[in-house]
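Step one of this worksheet: look at the structure below.
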Amino acid sequence: MQDNKSSKTTHFGYQEVPVEEKARHVGKVFHSVAPKYDLMNDVVSLGSHRMIKRFTVELCALRPGQCVLDLAGGTGDLSLKFSPLVGAQGTVVLADINESMLRMGRDRLLDEGVTGNVTYSLADAEKLPFQDDSFDCICIAYGLRNVTDKEAALRAMLRVTKPGGRVLVLEFSKPQNPVLSKAYDAFSKLWPLAGKVVAGDSDSYQYLVESIRMHPDQESLKQMMVDAGFVNCRYHDVMGGICAIHVGFKAR
Amino acid sequence: MDFQLLTTAALTLAETSLKQVLAQDSAARTKLKALEGFSLEIHITTPDLKAYLSVLNGEIKLNAYREEPCDASITGSPASLIKLLVSTDKTAVIHGENLQIAGDLQQTQALQSLLADLKLDWEYFASKIIGDLATQQLSDMFSQASNWSKNTAENLTEDLDDYLHHEKRLFPSSPELQHFYSDVDDLNLRVDRLRARLDKAGQGLDRILNKNGSGTKT
């Protein structure tokens, strides 16, 4: 008799792959893109990803002494900003499922002299290895769309958030304006070519384009957060909805 | 939300510049240490915009978003706020202009004095923030109901059509095409008639040639 799990498939971009293989496929993508990750972010976002991340950090409303999880934090962009905000009494945990990305993040933070309040964790967002009620804030920036079981990841995030704490999901979303949507579609068709030129890898950026298309839209993701148990869920469109920042809280 | 993103970009510019200037001014850094932890809400009345200044780890941070209340707040027009930073008689500015200050006045004045002494081009930063925010019209358009985009798309298509046909004359217009087809039809008819006449003339020539050939006497 065929195993039920092995007959289940999920999307990897536009491809259908067995559920248990998606993480491996995604892993290959990020092992490949890790060295040029930030540069490619600049290319595909026309430099705006830095401002968007900065604004996301502001929405985290961190205070000295707090504990924050930078989930799927990869190269450490956000951890770099979180560290001075939580101060010496606070903690930043930089977590990623991909060893190459995590190593880059750690090296980068060390190069910037950020060491005292940051710890590193090789962690799967669906099975977070932290105790319940650990974090004042969890932020997952441009990571959720790569997770195989997003609902499981959201439930895991809720579990490890402190009562009253918040989770932020920054991710590509659906532009609200049809003209912008068409312009953005046309622009994103160039990404695999840019990936070829900048990082010597067009397939990974083809996956990037496709994974954005397959990701839930604003209202769908908000509902997923509500279904996972978050309260006061809302979202902020950025760049006309090209990206969105979803915020949800754990009830006290 | 794009409004706040633009504000974030402008504030980042100011924050980075402040950091660079402070790095070269040890006296200012010493004064800033005395203000560690101080936070100020800056409310610009036109355009309606709030920014938040805080002193954290010896640096000045500028945010577009903040949840915690600030130690003090200052409200005024861009011109009034700029004067606060460039005028030599600061007391007169505070009391004379349309400025409202609430909260910790002493630390607010200490900060104002520090910033004014830095001799930064505050008018440039203000113009950057306000100039960038003038483009919030773009973000307003993006967030409007689909009517705008639908109308714009339709108008764009019509305008583009007109442009390509009449302005650039890259493509013939429909009436021009119809006229052309009509000319082609007319030409076809004339060619057919000419062919018919040639055929008839040919047949006549054949008859003449045959008649002469058969009537040849020896």
**Message:** As a test, work out the antiparallel percent of DSSP beta bridges whose residues both lie in segment B:1-84, rounded to the nearest 5.
**Reply:** 70
**Asked** Relative contact order for chain A: what is it in percent, counting Cα pairs under 8 Å that are at least 6 residues apart?
**Response** 19
**Asked** For segment A:69-213, what mean projected area does the convex hull of the alpha carbons give, in nm²?
**Response** 10.0
**Cα centre as origin, Lys/Arg/Asp/Glu Cβ charges: segment A:192-237 dipole, Debye** = 100
**Prompt:** Just from the alpha-carbon atoms, what are the Rg and Dmax of segment A:159-239 in angstroms?
**Reply:** 16.1, 46
**Asked** Between segment A:134-192 and segment B:1-40, what is the C-alpha centre distance in whole Å?
**Response** 30
**Request:** Just grab the label-to-label distance for A:Asp133 and A:His25, each label 7 Å out from Cα along the Cβ direction, in nm (one decimal).
**Result:** 4.0
**Complete:** Filtering chain A for DSSP H helices with an axial alpha carbon extent of at least 20 Å and a Kyte-Doolittle mean of at least 0.0 returns none
**Prompt:** Please state the equivalent ellipsoid semi-axes for chain A: what are the square roots of 5 times the Cα gyration tensor eigenvalues, largest first, in whole Å?
**Reply:** 26, 22, 20
**Asked** Taking a threshold of 29 Å on the Cα-Cα distance, which of the pairs A:Lys22/A:Lys189; A:Lys162/B:Lys31; A:Lys81/B:Lys83 fall above it?
**Response** A:Lys162/B:Lys31; A:Lys81/B:Lys83
**For peptides B:185-191, A:84-90, sequence by mean Cβ density within 10 Å, most packed first** = A:84-90, B:185-191
**Message:** Given a Förster distance of 51 Å, report the FRET efficiency between B:Leu194 and B:Tyr124 from their Cβ-Cβ distance, rounded to the nearest 0.05.
**Reply:** 0.05
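A short reminder: the numbers here are calculations on the coordinates, not readings from a lab. From a predicted model like this one, the values you see are computed outputs, not experimental measurements. Quick reminder, even Gly has a Cβ in these numbers, built from the backbone with ideal geometry, and neighbours come from all protein chains shown.
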